[in-house]
Structure formats: structure tokens, C-alpha cells
Amino acid sequence: MFATFSEIGMSFKLGEGQLSQAYSIAGAETWNPKGRENPSRSWVLIPISQQKYWMSLALEAAKYMNEHGA
């Protein structure tokens, strides 16, 4: 899994370089795909208001997962 959609936004699993860029997007926050208290540092939630970034982040997330198999 490299991306997931919810009623509040879309989440992506990214590498360190991409995470830094994603966190610079207004409203971006750490997200936990397992719903636990401690969010995973490799996942970022991008709100619906910033959906213009979703496609490029989805492509980066898919590339990251393909290269790292994580």
C-alpha cells in the first residue's frame, strides 16, 4: 500500500526527501495507516483542500514503494 483515501484527505507513504516536500504543503500532517496513537513517520496526510498535489504525490509514493519494497 502506498496511498489511501479518506473523507478528510489522501495519505501517501514517502521517502525522506519526498516527505520534507509534502510536509511543506499547507495542512499536511503525519498519518498512521493502522489508526494507532503513534503515527508512522513515513506517512503524510494531505487534506482535500490541497488535492492538486495528490497525483504527483501518488506517483512519488508508488515509485518509492517500487524501489524500496517497503
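The values are calculated or read from the model by the stated rules, or taken from the named source; none is laboratory data. Note that the structure is a prediction, hence the values are computed from the model and not measured. Counting neighbours? That spans all protein chains shown, and the Cβs are built from the backbone with ideal geometry, glycine included.
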Item checked: Output for the range 40-70, where each listed residue is of a type in the set (Ser, Thr, Tyr) and within 10 Å of the chain's Cα centre (by Cα) -> SER42
Item checked: When residues of the range 7-22 are limited to those that are under 12 Å from the mean Cα position of the chain (by Cα) and not in a helix (DSSP H, G or I), the one modelled with the lowest pLDDT -> GLY15
Check: Which one is farthest from ILE8 (Cα to Cα) among residues in the range 36-57 that are at pLDDT 95 or above and of a type in the set (Gly, Ala, Ser)?
Finding: SER56
Note to self: Just the residues that are at pLDDT 95 or above and within 16 Å of ALA58 (Cβ to Cβ), please, taken from the range 23-35.
What the structure shows: ILE25, ALA28
